[in-house]
Amino acid sequence: MTDNAPRYESRDAYVSALKKFDAAICEAIAVSQASANRMTATHWGYASYVYAQLCSTGVSLVRAAPMSRWVQSDFQHWTFGNIAGYARALLDGYLLFSYLIEPTESEAELETRVCVMHLNDCTRRIELHRDVGAIEDIEGFEQQRTELREKLAANSYFAALDPKLKRNCLSGNYLMTDSRDERVQKIGIPKGTFDALYDLWSQHVHILPLSFYRMEPNGRGTGLENAVDRSYMVQALELCAALLEDATDSMVLKFPDVAGVRHGINSEFSPGPRSNLPRRRKPGKPPTASPPKATETSSALSTLFTKPK
């Protein structure tokens, strides 16, 4: 094998990556449930909704992954397309989560972030209802869109933004005041790496030629276990585990009292696998608290992309 030959991940590497993701999603769900129903700042509240969706998507991913303890099956289906969509959704969701939970310097900036998100959602609903012919529902959304635009126009933080950015926000095209490239840079993923992964995962979500041109007798793309699909899965599981861990760290920093529910694959929550269901404890013996792992996880996101090939 030459130095330029592709590196394929082994079955052991896959099992290790699956265990990492399993532990990350278990902790995330436990923290999400422990921090629910809180009165908090607006952007933290919306960030917690996104976090709950990250957990839901993570459950779908871990249930679709081969050899998962979360499901029982007579056989394993080793096609990367099974998890590509969930992995891409986690990546998209993490970008929005990191944007919403990031501290703001003023109430005006906070209002801008929330209004831009609302305006994007409102515009998409108008387009969706128009496409399906539900014209009677559009009037209400149009009124909401006008109100949101007026609110942004009167906002001092929004007024100071770049004119092109403001136009795109007011048109409802943008979900965030940050571009995707800016948000990717802030979370520490190299742009080229992000773009390559997002494109690769999208190709398998949409069943484009890249996903089937190299279907081969060795199993690639057929559902049989093979080195290529297994390696793609390892990469996706490791990245998504790191993203979930980082999001969970952020939630624990906002709600420190929930740190004690983080016990890796032994975290308790419901519904879930039988071994994760909450257990009755004797009075006077609360679970031992686990400290936040922000430092460890922050370094994991950067080292994930610098492993030797």
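The values are calculated or read from the model by the stated rules, or taken from the named source; none is laboratory data. Not measured: the values here are computed from a predicted model. Note that each Cβ is placed from the backbone with ideal geometry, even for glycine, and that neighbours are counted across all protein chains shown. Just so you know, the surface numbers come from the protein's heavy atoms only, side chains and all, with ligands and any DNA or RNA stripped out. Shrake-Rupley method; radii C 1.70, N 1.55, O 1.52, S 1.80 Å.
Within segment 6-27, can one find any residue that is more than 15 Å from E225 (Cβ to Cβ) and modelled with pLDDT under 95?
Within segment 6-27, the first condition is being more than 15 Å from E225 (Cβ to Cβ), and the residues that meet it are 6-7, 16, 19-27.
From what's left, modelled with pLDDT under 95: 6-7.
Yes - at least one qualifying residue is present in segment 6-27.
Just the residues that are crowded, with 22+ Cβ neighbours inside 10 Å, among the aliphatic types (A, V, I, L, M) and more than 15 Å from L100 (Cβ to Cβ), please, taken from segment 26-59.
A28, I29, A30, V31
Answer yes or no: is there a residue in segment 135-143 that is open to solvent by less than 50 Å² (accessible area, probe 1.4 Å), more than 30 Å from T248 (Cβ to Cβ) and in contact (Cβ under 8 Å) with a residue 24 or more places away in the chain. Show your work before the answer.
So in segment 135-143, the residues open to solvent by less than 50 Å² (accessible area, probe 1.4 Å) come out as 138, 140-141.
Of the ones still in play, those that are also more than 30 Å from T248 (Cβ to Cβ) are 138, 140-141.
Then keep just the ones that are in contact (Cβ under 8 Å) with a residue 24 or more places away in the chain; that gives none.
The answer is no; no qualifying residue exists.
What's the total number of residues in segment 145-161 that are assigned to a helix (DSSP H, G or I) and free of Cβ contacts under 8 Å to residues at least 24 places away in the same chain?
At the first step, the residues of segment 145-161 found to be assigned to a helix (DSSP H, G or I) are 145-153, 156-159.
The next check asks that each one be free of Cβ contacts under 8 Å to residues at least 24 places away in the same chain; those that pass are 146-147, 150, 153, 159.
The total comes to 5.
Being closer than 16 Å to D178 by Cβ and outside any loop (DSSP other than H, G, I, E, B) is the filter here, so list the residues in segment 61-107 that pass it.
Once the filter is applied, which keeps residues that are closer than 16 Å to D178 by Cβ and outside any loop (DSSP other than H, G, I, E, B), segment 61-107 yields L91, D92, G93, Y94, L95, L96, F97, S98, Y99, L100, I101.
Can you pull out the residues in segment 144-165 that are surrounded by 12 or more Cβ atoms within 10 Å (Cβ to Cβ) and out of contact with any helix residue (DSSP H, G or I) (no Cβ under 7 Å at 6 or more places or on another chain)?
Those that are surrounded by 12 or more Cβ atoms within 10 Å (Cβ to Cβ) and out of contact with any helix residue (DSSP H, G or I) (no Cβ under 7 Å at 6 or more places or on another chain): E147, A159, L161, L165.
Among the residues in segment 150-160, are any charged (D, E, K, R), at negative phi and modelled with pLDDT of 95 or more? Spell out how you get there, then give the answer.
Filtering segment 150-160 for residues charged (D, E, K, R) gives 150-151.
Add one more test, that the residue is at negative phi, and what stays is 150-151.
Then drop every residue that is not modelled with pLDDT of 95 or more, which leaves 150-151.
Within segment 150-160, one or more residues are charged (D, E, K, R), at negative phi and modelled with pLDDT of 95 or more.
Just the residues that are without any contact (Cβ under 8 Å) to a residue 60 or more places away in the chain and either open to solvent by 20 Å² or more (accessible area, probe 1.4 Å) or under 20 Å from I101 (Cα atoms) (or both), please, taken from segment 168-185. Spell out how you get there, then give the answer.
At the first step, the residues of segment 168-185 found to be without any contact (Cβ under 8 Å) to a residue 60 or more places away in the chain are 168-174, 179, 181-182, 185.
Within segment 168-185, N168, C169, L170, S171, N173, Y174, S179, D181, E182, Q185 meet the criteria.
Would it be correct to say that A236 is within 21 Å of A64 (Cβ to Cβ), open to solvent by less than 70 Å² (accessible area, probe 1.4 Å) and at pLDDT 90 or above?
Working: within 21 Å of A64 (Cβ to Cβ): yes; open to solvent by less than 70 Å² (accessible area, probe 1.4 Å): yes; at pLDDT 90 or above: yes.
Against the criterion (within 21 Å of A64 (Cβ to Cβ), open to solvent by less than 70 Å² (accessible area, probe 1.4 Å) and at pLDDT 90 or above), A236 qualifies.
For segment 182-209, give me each residue that is within 15 Å of N82 (Cα to Cα), assigned to a helix (DSSP H, G or I) and not β-branched (V, I, T). Break it down stepwise before answering.
At the first step, the residues of segment 182-209 found to be within 15 Å of N82 (Cα to Cα) are 200-208.
Filter once more, keeping what is assigned to a helix (DSSP H, G or I): 200-205.
Within segment 182-209, L200, W201, S202, Q203, H204 meet the criteria.
Yes or no, residue by residue, for (1) within 17 Å of G58 (Cβ to Cβ); (2) surrounded by fewer than 20 Cβ atoms within 10 Å (Cβ to Cβ); (3) small (G, A, S); (4) in contact (Cβ under 8 Å) with a residue 12 or more places away in the chain:
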{"residue": "A196", "(1), (2), (3), (4)": "no, yes, yes, no"}
{"residue": "E216", "(1), (2), (3), (4)": "no, yes, no, no"}
{"residue": "A241", "(1), (2), (3), (4)": "yes, no, yes, yes"}
{"residue": "A247", "(1), (2), (3), (4)": "yes, no, yes, yes"}
{"residue": "R262", "(1), (2), (3), (4)": "yes, no, no, yes"}
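I'd like to check something: does segment 12-25 contain any residue that is within 14 Å of P273 (Cα to Cα), in contact with a helix residue (DSSP H, G or I) (Cβ under 9 Å, 6 or more places away or on another chain) and open to solvent by less than 20 Å² (accessible area, probe 1.4 Å)?
There is at least one residue in segment 12-25 that is within 14 Å of P273 (Cα to Cα), in contact with a helix residue (DSSP H, G or I) (Cβ under 9 Å, 6 or more places away or on another chain) and open to solvent by less than 20 Å² (accessible area, probe 1.4 Å).
Those residues that are of a type in the set (V, I, T) and open to solvent by 30 Å² or more (accessible area, probe 1.4 Å), I need them from segment 80-120; list them, please.
Taking segment 80-120 first, the residues of a type in the set (V, I, T) are 83, 101, 104, 112, 114, 116.
Scanning segment 80-120 gives a single hit, T104.
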